[in-house]
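Visitor: Below: one structure in structure tokens.
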Amino acid sequence: MVNARSLRALDWLNFFVANVQTGFGPFIASYLASHKWTQGEIGLALSIGTISAMVSQVPGGAAVDALRNKKAAAAWAIIAIILSAVLLAASPTVLPVMAAEVFHGFASCMLVPAMAAISFALVGRHDLGDRLGRNARWASIGSAIAAGLMGLFGEYFSARAVFWLTATLAAPALIALSMITMPSHHAPAHVPAKNDSDEHEEKESILELLRDRRMLVFAACVVLFHLSNAAMLNLAAGEVTAGMGDNVQLVIAACIIVPQAIVAMLSPWVGRTAERWGRRPILLLGFSALPLRALLFAGVSSPYLLVPVQMLDGVSAAVFGVMLPLIAADVAGGKGRYNLTIGLFGLAAGIGATFSTALAGFIADRFGSAISFFGLAGAGALAVLLVWAAMPETRVANDDLQTKPAPSDEGPFKRAK
């Protein structure tokens, strides 16, 4: 059995990594604006970060697959994020900021699959849903606490202090990572000895992976999910808080923190229920919140109604955050491509998010925000329809593994044919 200390350390790793990643959210735009960057320059810097993250998704996943030591992959990614935060804090000029955005983009694309791989290795595929739910809970708590801390630091010290705090919070993440003991080569059969990269198993080619119907359909679902979701809060916040005055930041903070609380409460249930009911019912639940949320935003005129509507974002985020790595495990099976699969799904998410913000802004400028929200609701409804009509149930592979133990020379994760 995996020792309890490693599982507790994984909890704290998720908590502190979420702390660190929070520093690279809206705080960058505020920080650069305080140093006289124009909106166009800030947009260019953030776009470079987005593009570097999209370009790095697949190579990052493939690199984690290729590395035997998943903990080392996570450690190097955290160190790169520390470097990014230090660059931002030390010199808010063009070259350091651009370098920080590129480093952070690639490091994040290494860190996400590395942490998923560590979770997979510790608990095995049978318990992965429950573990991913627990990961999401700790990450949500970490994000909410970090947002509050960074807001206080930015308010009472300086915008620069947010990034020194970000770098500092990475140290306990490295300590938590060092406390995780990975299973040995001679682990019991129910515990994966070396994650999904078992040396006895031939890796599936990328072309074979891309021909998998489950892979293609879920990637399309991911694109539509983010096409609907990514622009929604920014559009709503910009529309209804324009004349608020001093309370704007409090409302925006609440719109971020409240969904995180929902994610923290709901994620373990999502993971456990996905193992009992299957993936499709949970996906339908989470995806259905998207068009409903967009339609409610279209009718909201009071900024104080943003927060209750944003509770639906917590439902969608809990489902998506748990189901993406869980379905990646189902699709990749034991063919050594788990982290690459996560990277491909991450690329799909980036494509959807990029088009979401661009199209929503264009439609809002030309036809008004209400029409833009109807468009986002339409994309969300298409995502629900695609899950319902075309998404195969992927949990069957797990059931086969539980009832048909793999031969000893094939490793514990040989995918059922």
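Visitor: What Kirkwood hydrodynamic radius do you get for the range 205-406 when you take the inverse of the mean 1/r over all pairs of distinct Cα atoms, in Å?
Guide: Working: mean 1/r = 0.0565 Å⁻¹.
One over the average 1/r among Cα pairs gives 17.7 Å for the range 205-406.
Visitor: Given a Förster radius of 25 Å and the C-beta distance between Ala72 and Leu210 as r, what FRET efficiency does 1/(1 + (r/R0)^6) yield to the nearest 0.05?
Guide: Numbers: r = 28 Å, r/R0 = 1.13.
The calculated FRET efficiency here is 0.35.
Visitor: Given a cut-off of under 8 Å on Cα pairs at least six residues apart, what relative contact order in percent is computed for the range 1-179?
Guide: Details: 219 pairs, mean separation 78.6, N = 179.
44 percent.
Visitor: Please arrange Trp37, Trp277 by counting, for each residue, the other beta carbons lying within 10 Å of its beta carbon, fewest first. Walk me through the intermediate numbers first.
Guide: Details: Trp37 20, Trp277 13.
Ordered from fewest to most neighbouring Cβ atoms within 10 Å, Trp37, Trp277 come out as Trp277, Trp37.
Visitor: Also, quick follow-up: Considering the options Leu283, Ser228, Val315, tell which one lies farthest towards the positive end of the dipole of the range 205-406, charges being +1 on Lys and Arg and -1 on Asp and Glu at the Cβ, about the Cα centre.
Guide: Value: Leu283.
Visitor: Give me a comma-separated list of calculated 3J(HN,Hα) values for the range 379-387, in order, Karplus coefficients 6.51, -1.76, 1.60 applied at θ = phi - 60°, integers in Hz, x for any Gly or Pro.
Guide: Each residue's phi maps through the Karplus curve to give 5, x, 5, 5, 4, 4, 4, 5, 4 Hz.
Visitor: I would also like to ask the following. Taking the Cβ of each residue in Phe24, Phe157 as the centre, tally the other Cβ atoms inside 10 Å and list the residues starting with the fewest.
Guide: Details: Phe24 22, Phe157 12.
Exposure proxy ranking, most exposed first: Phe157, Phe24.
Visitor: Mind checking the dipole of the range 1-179: about its Cα centre, +1 per Lys or Arg Cβ, -1 per Asp or Glu Cβ, Debye to the nearest 20?
Guide: Values: 11 positive and 7 negative charges, 91 e Å.
Dipole of the range 1-179, to the nearest 20 debye: 440 debye.
Visitor: For the range 38-80, list residues with backbone N below 11 Å from a point placed 7 Å from the Cα of Leu174 toward its Cβ?
Guide: It comes to 75-80, nothing else.
Visitor: Along the charge dipole of the range 1-179, Cβ charges K/R +1 and D/E -1, which of Ala29, Ser178, Ala159 sits furthest on the positive end?
Guide: Ser178
Every number in this text was worked out from the coordinates using simple rules, so none of it is lab data. Because the structure is predicted, anything quoted here is derived from the model rather than measured. Note: ideal-geometry Cβ built from the backbone for every residue, glycine included; neighbour counts use all protein chains shown.
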